[in-house]
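See structure below.
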Amino acid sequence: NRHRHNQAKKGHSHMKEFSCTIKNPTGIDSRRAGLVAKIAKQYDDTVVTISKDGTAVKTSQLMKLIGLGIKQGDTIAITVEGDSEDAAADALDQFFKMRKFTYSITNPTGVDTRRAGLIGKTAKNYPDTMITITKGGETVKAGQLMKLIGLDIKQGDTISVTVEGGGEVAAAAARARS
């Protein structure tokens, strides 16, 4: 009864809606769709819907969400409605923001096996965050150790580090330290 009273008091005429343009090179692939669903599920009193080109899908409908075929450059609308809509909207807004940093490698050994391992370890500490490293047009996930080593990053090279997802601010700070 108390729950119903709160709903009636708050009313469901209030909802949050925002749009964003997907910056991630792989769009909303199965991994990202799962992360979006996981974030939305934390707010079980709130319904989150993602729309692309007029087709709306609840984030709990994972296969339909993937089926929207959201690619880099697409603009999506996110609608959040329920008792925790403010918190859910903030969490999803943070998830869809992406931060990109450019680094010039000053370490004499570049990104050697040891440093690649540290980067991978840092990435594992932030499971809700995607960290990618790009050198010369080739992009790898920070947790893919052999591919990271394969980028052959040497002293003087410039790399881009892209951090997106739930813990991106902390992950970016940790990445900058390693």
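Would you please give the FRET efficiency between Gln94 and Lys64, computed as 1/(1 + (r/R0)^6) with r the Cβ-Cβ distance and R0 = 22 Å, to the nearest 0.05?
Given R0 = 22 Å and the Cβ-Cβ separation, E is 0.40.
State, as an integer percentage, the relative contact order of the range 19-103 based on alpha-carbon contacts under 8 Å between residues 6 or more apart.
Reported relative contact order: 40 percent.
Hey, can you find the accessible area per residue of the range 33-178 for me, probe 1.4 Å, expressed in square angstrom?
51 Å²
I'd like the FRET efficiency for Glu138 and Lys38, computed as 1/(1 + (r/R0)^6) with the beta carbon distance as r and R0 of 30 Å, rounded to 0.05.
The value I calculate is 0.55.
Can you pull the percent of the range 1-153's accessible area that's carbon plus sulfur, 1.4 Å probe, other chains left in place?
That share works out to 51 percent.
Which of Lys121/Lys154; Lys58/Lys121; Lys16/Lys141; Lys64/Lys121; Lys41/Lys135; Lys52/Lys147 have a Cα-Cα distance over 29 Å?
Going by Cα-Cα distance, Lys58/Lys121; Lys16/Lys141; Lys64/Lys121; Lys41/Lys135; Lys52/Lys147 fall outside the 29 Å limit.
Using only the heavy atoms of the protein chains and a 1.4 Å probe, how would Glu164, Glu138 rank by accessible area, largest first?
From most accessible down to least: Glu138, Glu164.
Once the other residues with Cβ under 13 Å from the Cβ of Glu17 are scored (Lys, Arg +1; Asp, Glu -1), what is the net sum?
That sum, taken over residues with Cβ under 13 Å, equals -3.
Could you work out the pair-distance distribution P(r) of the range 12-169 from its alpha-carbon pairs, with 5 angstrom bin width and percents rounded to whole numbers?
Reading upward from the zero bin: 2, 9, 17, 20, 16, 12, 9, 7, 5, 2, 1, 0.
The values are calculated or read from the model by the stated rules, or taken from the named source; none is laboratory data. Everything numeric in this text was worked out from a predicted model, so none of it was measured. As a convention, Cβ positions derive from the backbone with ideal geometry for all residues, glycine included, and neighbour counts pool all protein chains shown. With ligands, DNA and RNA removed, areas are computed over all heavy atoms of the protein, side chains included. Shrake-Rupley method; radii C 1.70, N 1.55, O 1.52, S 1.80 Å.
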